[in-house]
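The values are calculated or read from the model by the stated rules, or taken from the named source; none is laboratory data. The structure displayed is predicted, hence computed values, not measured ones. Here the Cβ positions follow ideal geometry from the backbone for every residue, glycine too, while neighbour counts run over all protein chains shown.
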Amino acid sequence: MEKVNWKLSGKLGSHWIKVKFYQEEPEDKDAKRLKDVKFCQATKLAVIHPVILDKTSINCAGAHCAFGWSDSSEAFLKNCREKNNMPLGTLQSILSRADYFKKSVAYIGLNTAGIPDLVLSYVSPEQAMAIVKIYQLHTGKNLDTSLCSMMSICGSVAVRAHLTKEITFSFGCEESRRSASLGKENLAVGIPQILFGLFVDGQ
């Protein structure tokens, strides 16, 4: 299961990034400690080299909210109002339904050693359809999803997949699509650890 990202890449295509949440600093000498990055940007960098992030690493107020560093909520709300030109009440309603950790994490590992809490990738609609089909084949259920144009990779994919233990999809937000270099044909998907076995034989 430690190499689930490699196996998923072989089976479903695209690069899969392992995501692990820590309360203590991980001992991974091969991982880079990044500074002044967005979470979505860091997922792109992790394809090349393992990455460790903490509160001081991430310069995005939305990601700070998603990972439980809620002192940034007012800054994020202000930033959203400026970018989206939405009424304050509308934004507050949207963000009240957003996915975030009530208990903050201390560190986030991307492609670090060990078994991840989830894996995420940027896939085509065809790959997304294949994921849903496999899910339905094994569970006999339809896949429900919640879509939001804010906190889209950090909250709607990473945090939501971990909290709900379900597959999550997101079309991204303007910032994440740019920072993660998503093409017009790509969307984001997260698969929690509990569902790895549906997609990778022998897990």
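Of everything listed in (1) touching a residue at least 40 places away in the same chain (Cβ under 8 Å); (2) under 19 Å from S104 (Cα atoms); (3) polar (S, T, N, Q), the single unmet condition for Q41 is (2). Being assigned to a helix (DSSP H, G or I) and touching a Pro at 6+ places or on another chain (Cβ under 9 Å) is the requirement here; does N5 meet it? Spelling it out, N5 is indeed assigned to a helix (DSSP H, G or I) and touching a Pro at 6+ places or on another chain (Cβ under 9 Å).
Residues that are under 9 Å from the mean Cα position of the chain (by Cα) and among the β-branched types (V, I, T) were ranked within segment 151-167; the one that is surrounded by the fewest Cβ atoms within 10 Å (Cβ to Cβ) is V159. Among E185, E175, which is surrounded by 15 or more Cβ atoms within 10 Å (Cβ to Cβ), at negative phi and out of contact with any Phe, Trp or Tyr (no Cβ under 8 Å at 6 or more places or on another chain)? Selected residue: E175, the only one of E185, E175 that is surrounded by 15 or more Cβ atoms within 10 Å (Cβ to Cβ), at negative phi and out of contact with any Phe, Trp or Tyr (no Cβ under 8 Å at 6 or more places or on another chain).
Of the residues making up segment 105-150, those that are surrounded by fewer than 21 Cβ atoms within 10 Å (Cβ to Cβ), of a type in the set (A, V, I, L, M, F, W, C) and either assigned to a loop (DSSP other than H, G, I, E, B) or at positive phi (or both) number 7. Selection within segment 26-47: residues that are at pLDDT 90 or above and assigned to a loop (DSSP other than H, G, I, E, B). The member of this set that is nearest to G68 (Cα to Cα) is K38. Name every residue in segment 10-45 that is over 12 Å from the mean Cα position of the chain (by Cα), closer than 13 Å to Y122 by Cα and among the hydrophobic types (A, V, I, L, M, F, W, C), in order of residue number. Result: L12, single match.
Screening L34, L77, L53 for residues that are within 19 Å of G155 (Cβ to Cβ) and in contact with a strand residue (DSSP E or B) (Cβ under 6 Å, 6 or more places away or on another chain) leaves exactly one candidate, L53. A count restricted to segment 151-180 and to residues that are aromatic (F, W, Y) and assigned to a loop (DSSP other than H, G, I, E, B) stands at 1.
Contact map, segment 133-144: residues that are within 16 Å of K165 (Cα to Cα) paired with residues that are polar (S, T, N, Q) and surrounded by 11 or more Cβ atoms within 10 Å (Cβ to Cβ), Cβ distance under 9 Å, separation 6+ or inter-chain. Pairs shown: N142/Q136; L143/Q136.
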